[in-house]
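Novice: This is the structure I have questions about; it appears just below.
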Amino acid sequence: MDEKSLHNNVGARLSAPALGDGRSPGEKSTCNPKLHIGVLALQGDFEAHLKALSQAASKLGVEIETRAIKLPHNLEGLDGIIIPGGESTTIGKLMVEYGLQEGLRQKIRAGLPVWGTCAGLILLAKETDNALAGQPLLASMDICVRRNAFGSQRESFETDLSVPVLGEAPFHTFFIRGPAIESAGPEVEVLATLDDGTIVAVREGPLIGTAFHPEVSGDPRFHYYFLRIVQSVKAGAMDDTTGTIR
Ligand code: GLN
């Protein structure tokens, strides 16, 4: 199977773990290998992600090793990657300058779990209706996004989002000159919308995109959700016939 169809299969078959997975926070499973998570650290808010990841890992009862990704060799041996917020034009430019674009693309095609927040979401989108000409992108998720979608009054705002995969309690989060997801393909699961229906969080197989900044809310549930996806992919826990995680 070539890399593209492998990725498509992962995308089609992986169904997301919900938090109500029967495991209480902190409970260790008998088979719980250490997770290696990288956060792209070219520009933007990567330290808050590292902190939220450690909190989520201890809730999940899994050992984690986090690393800042700055150079291609930092991609080796990772189980999952976060692409943080910042300025997508700058991150994209640095990604090319530091020789990371092709390596990241290959990892994504091979089915590695990747989560893009805000500028990271823009980099992951296959279509951006107002990207700058020649803006380097990873173009991996079947979504179309609009950069800086919220008018000047709401350019930055905080809100309580309903995110069913995180449980019933609303997720308080921050939009900082964020993008909106204008359309999503058939394989894309919508995880959250604003009250007016604007899509702001999506998942496509092992790829997640959020238009906001979950790392500054002090609520590690989104990071926990991402780690559960990473764990499932690492364990190869996908049922080929039903598409569910075993
Ligand atoms: N407006 C930024 C962009 O277009 C994203 C902002 C953010 O990541 N907080 O890239």
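The values are calculated or read from the model by the stated rules, or taken from the named source; none is laboratory data. Just so it is clear, the model here is predicted, and its values are computed rather than measured. Here Cβ is always computed from backbone atoms with ideal geometry, including for glycine, and neighbour counts include all displayed protein chains.
Novice: Might you check whether a residue that is within 15 Å of the ligand (Cβ to nearest atom) and either modelled with pLDDT of 95 or more or of a type in the set (G, A, S) (or both) occurs anywhere in segment 74-82?
Specialist: Yes, the conditions are met somewhere in segment 74-82.
Novice: Could you run through segment 17-69 and say how many residues are closer than 27 Å to E168 by Cα, of a type in the set (G, A, S), modelled with pLDDT of 75 or more and not in a helix (DSSP H, G or I)?
Specialist: Within segment 17-69, residues that are closer than 27 Å to E168 by Cα, of a type in the set (G, A, S), modelled with pLDDT of 75 or more and not in a helix (DSSP H, G or I) number 1.
Novice: Right, next: Only one of A131, A139 is more than 18 Å from the chain's Cα centre (by Cα) and assigned to a loop (DSSP other than H, G, I, E, B); which?
Specialist: A131
Novice: Checking the conditions here, which among R203, R154 is charged (D, E, K, R), out of contact with any Ser or Thr (no Cβ under 9 Å at 6 or more places or on another chain) and farther than 26 Å from H36 by Cβ?
Specialist: The conditions single out R154.
Novice: Please state which one of L124, L138 is within 15 Å of the ligand (Cβ to nearest atom), out of contact with any Ser or Thr (no Cβ under 9 Å at 6 or more places or on another chain) and either closer than 25 Å to Q231 by Cα or among the β-branched types (V, I, T) (or both).
Specialist: Exactly one of L124, L138 is within 15 Å of the ligand (Cβ to nearest atom), out of contact with any Ser or Thr (no Cβ under 9 Å at 6 or more places or on another chain) and either closer than 25 Å to Q231 by Cα or among the β-branched types (V, I, T) (or both), namely L138.
Novice: Just one of E182, E187 is within 23 Å of Q106 (Cα to Cα), charged (D, E, K, R) and away from the ligand (no atom under 13 Å from the Cβ); which is it?
Specialist: None of the other options fit; the residue is E187.
Novice: Further, regarding this structure: Listed residues R154, R105; which is over 21 Å from F222 (Cα atoms) and either crowded, with 18+ Cβ neighbours inside 10 Å or modelled with pLDDT of 95 or more (or both)?
Specialist: Selected residue: R105, the only one of R154, R105 that is over 21 Å from F222 (Cα atoms) and either crowded, with 18+ Cβ neighbours inside 10 Å or modelled with pLDDT of 95 or more (or both).
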